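The values are calculated or read from the model by the stated rules, or taken from the named source; none is laboratory data. Values in this document were obtained by computation on a predicted structure and should not be read as measured data. Cβ atoms come from the backbone with ideal geometry, glycine included; neighbour counts cover every protein chain shown. We work out accessible area using only protein heavy atoms, side chains counted, and drop any ligands, DNA or RNA first. Shrake-Rupley method; radii C 1.70, N 1.55, O 1.52, S 1.80 Å.
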Amino acid sequence: MISVNNVGLRYGSQKLFEDVNLVFTPGNCYGVIGANGAGKSTFLKILSGDLEPNTGEVSIAAKTRMSVLKQDHFAYDEFPVIQTVIMGNKRLYDIMKEKDALYMKEDFNDEDGIKAAELEAEFAEMDGWSAEAEASSLLQGLGITTDLHEKTVSELDGNEKVKVLLAQSLFGKPGILLLDEPTNHLDVKSIRWLQEFLGDFEGTVIVVSHDRHFLNEVCTHMVDIDFGKIKMFVGNYDFWYESSQLAQQLMKDQNKKKEEKIKDLQNFIARFSANASKSKQATSRKKLLEKITLDDIEPSNRRYPFVGFNMEREVGNEILTVEELSKTIDGVKVLDNISFRVNKDDKIAFIGNEIGITTLFKVLTGELEPDSGAYKWGQTITKSYFPKDNSHYFNGVKLSLVDWLRQYSEEQSEIYLRGFLGRMLFSGDEALKEASVLSGGEKVRCMLSKMMLTNANVLILDQPTNHLDLESITSVNDGLINFKSNILFASHDHKFIDTIANRIIDIKDDGSFVDRSVTYEEYIEKYL
């Protein structure tokens, strides 16, 4: 158990949060959410003891071991993979090293024998004889095959290192688990394995993630950092989001159909309670939800950007035909005889090899030439493209956001452009910021604004959810669901893909592809 008592943190005159009083208990998983810069990772550092708050304290139950997902991917480069995982339980690892050092002594004496016996007893009590088997099982669950276990961490690629550090944090049955963006760089199978692991985990889990599907699958509570306060709510992300939206609407309509809104909320609580029943944690969540009253639900103060795409004309019968397209990048074939035809109403998610997908999008938008094959856009088609790397639109650009957006707008008036930027959360002086100094998330919102101005009838988006907070991801998600024409897109966000796409094209590592007219969930169940 972790108790947070009267915790507050300031940086100079800036208040991050204050008067935080929370209790985190075993058997529950807490998802920490908040806008970019709200202090999610900072709050985890306070919980882990890596950062001292200005006021208050964090207390942990006696003899409870805390494990934290490390972020330094180079810290263990010199160590073997299996050993790095066992380091997740520092005391166990220290005992193993101390034992080995004792037994290697040439002048092993009676005192050493007594010490060795004490270490062996503690080692057995900590289930040390199963350590390598447990570490191996964790690694294999995350897709790190046994042939890699004795290699040094430096021999692995970046994604494999992420998995090793995650296995390290999960090792040894910690009582408290702190995970900051644990699904980053994980493939679908590894994420599903992690969801099952956390569903059976008996300790306390506190996790920061931008993956709404992951939060929905594992969380029993949401911890919301908003406007300097940190509040805890029962339920997963969807429950928090939808109930807060209903509560907000109820506040706006206090004198209109109030009883009807209250009934909507009550029905909503009952519906979510009925659905939470497929795992041990979900069963626990169901019991908690059944106890919720209307007084427990509060409206969110969050601001959501407006994302909406319109088109000047509908697409004709001919949209896009791709025939035997191939491309080699740096000596590696990333596209190998790719062929497909885009039909009316297709919203196609491209998954798999990211280099191959980005290359395909660059070919289709004319940025690259294919090595062989051809593609043809229909005559009625107007395209708008969101590239994965948008840096050349902003680096060294001395324009204000109003003038930056004016470059791409037929309507040149400042009132119109400021109104447009305001809907994307750039209001007042924010609209006069220089384009070159924007954060990653702000650049994404500007690129989306640029796309919306085009009124194109085909959208191509390469990882549009990168750098965005949950509020902006939700807005982009809704905007693309509501778009009435064709979309070709790539994303790591499970819910984003599943709620938008009606067709999946999987680009494999060898450049080949699989094309299926199914939802993302159906594709995972049948083909992965």
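A DSSP coil position with no more than 12 other Cβ atoms inside 10 Å describes the following GluC sites (Glu not before Pro) in segment 308-380: GLU312, GLU314, GLU367.
Here the relative contact order of the chain, from alpha carbon pairs under 8 Å that lie six or more residues apart, stands at 15 percent. The chymotrypsin sites (Phe, Trp or Tyr not before Pro) of segment 94-162 meeting both criteria, a DSSP state outside H, G, I, E and B (loop) and at most 12 other C-beta atoms within 10 angstrom of the site's C-beta, are PHE108.
Loop-located trypsin sites (Lys or Arg not before Pro) across segment 444-491 with a Cβ neighbour count of 14 or fewer within 10 Å are LYS484, with loop assigned by DSSP.
Which Cα, out of VAL32, ILE191, PHE420, lies furthest along the positive dipole direction of the chain (beta carbon charges, K/R +1, D/E -1)? Working it through, the farthest residue towards the positive pole turns out to be PHE420.
List the residues of segment 500-528 whose backbone N lies under 18 Å from a point placed 7 Å from the Cα of GLU324 along the Cα-to-Cβ direction. Answer for this model: 511-513. Heavy-atom accessible surface of segment 138-201, averaged per residue, reaches 39 Å², computed with a 1.4 Å probe.
For segment 177-246, rounded, prolate or oblate, judged on the Cα gyration tensor with a ≥ b ≥ c (square roots of eigenvalues), a/c < 1.5 rounded, else prolate if a/b > b/c? The shape class here is prolate. Have a look at TYR93, LEU470, SER512 and report the one farthest towards the positive end of the charge dipole of the chain, computed about the Cα centre with Cβ charges (Lys/Arg +1, Asp/Glu -1). After comparing all options, I get LEU470. Projecting label points 7 angstrom from Cα along Cα→Cβ for GLU125 and SER427 puts them 6.0 nm apart.
Within the accessible area of segment 122-163, the carbon and sulfur atoms contribute 45%, probe 1.4 Å, all protein chains present. Ranked by the mean number of other Cβ atoms within 10 Å of their residues, highest first, the peptides 61-67, 203-209, 432-438, 175-181 fall in the order 203-209, 175-181, 432-438, 61-67.
The C-alpha atoms of the chain define a longest principal axis, and helix 237-252 lies at about 60 degrees to it. Note on segment 1-134: dipole from Cβ charges, positive end direction compared against VAL20, VAL68, SER130; the farthest Cα belongs to VAL20.
Compared with the dominant principal axis of the Cα atoms in the chain, helix 280-290 is inclined by about 70°. Rolling a 1.4 Å probe over the protein heavy atoms gives segment 329-485 an accessible area of 43 Å² per residue. Determine the shape class of segment 38-97: with a ≥ b ≥ c the square roots of the Cα gyration tensor eigenvalues, call it rounded for a/c under 1.5, and otherwise prolate if a/b is greater than b/c, oblate otherwise. Judged from the Cα gyration tensor, segment 38-97 comes out oblate (a/c at least 1.5, b/c at or above a/b).
Taking amide H as placed 1.01 Å from N in the peptide plane, the amide H of ILE351 sits under 5 Å from that of ILE505, ASP506, ILE507, each at least 5 places away or on another chain. Note that segment 176-192 has calculated 3J(HN,Hα) couplings of 10, 10, 10, 10, 9, 6, x, 8, 4, 6, 8, 7, 4, 5, 5, 5, 5 Hz, one per residue in order, obtained from phi through the Karplus relation 6.51 cos²θ - 1.76 cosθ + 1.60 (θ = phi - 60°); glycine and proline are x.
Charge dipole (Cα centre; +1 on Lys/Arg Cβ, -1 on Asp/Glu Cβ; no other charges) of segment 476-528 amounts to roughly 220 debye. A simple charge model with +1 on the Cβ of Lys and Arg, -1 on the Cβ of Asp and Glu and nothing else charged puts the dipole of the chain at about 2340 debye relative to its Cα centre. With all protein chains in place and a 1.4 Å probe, the accessible surface of segment 390-466 carries 48 percent carbon and sulfur. Extending 7 Å from the Cα toward the beta-carbon at both ASN5 and SER137 defines two label points whose distance is 3.8 nm. Charge dipole of segment 203-251 (Cα centre as origin; +1 on each Lys and Arg Cβ, -1 on each Asp and Glu Cβ, all else neutral): 160 debye, rounded to the nearest 20.
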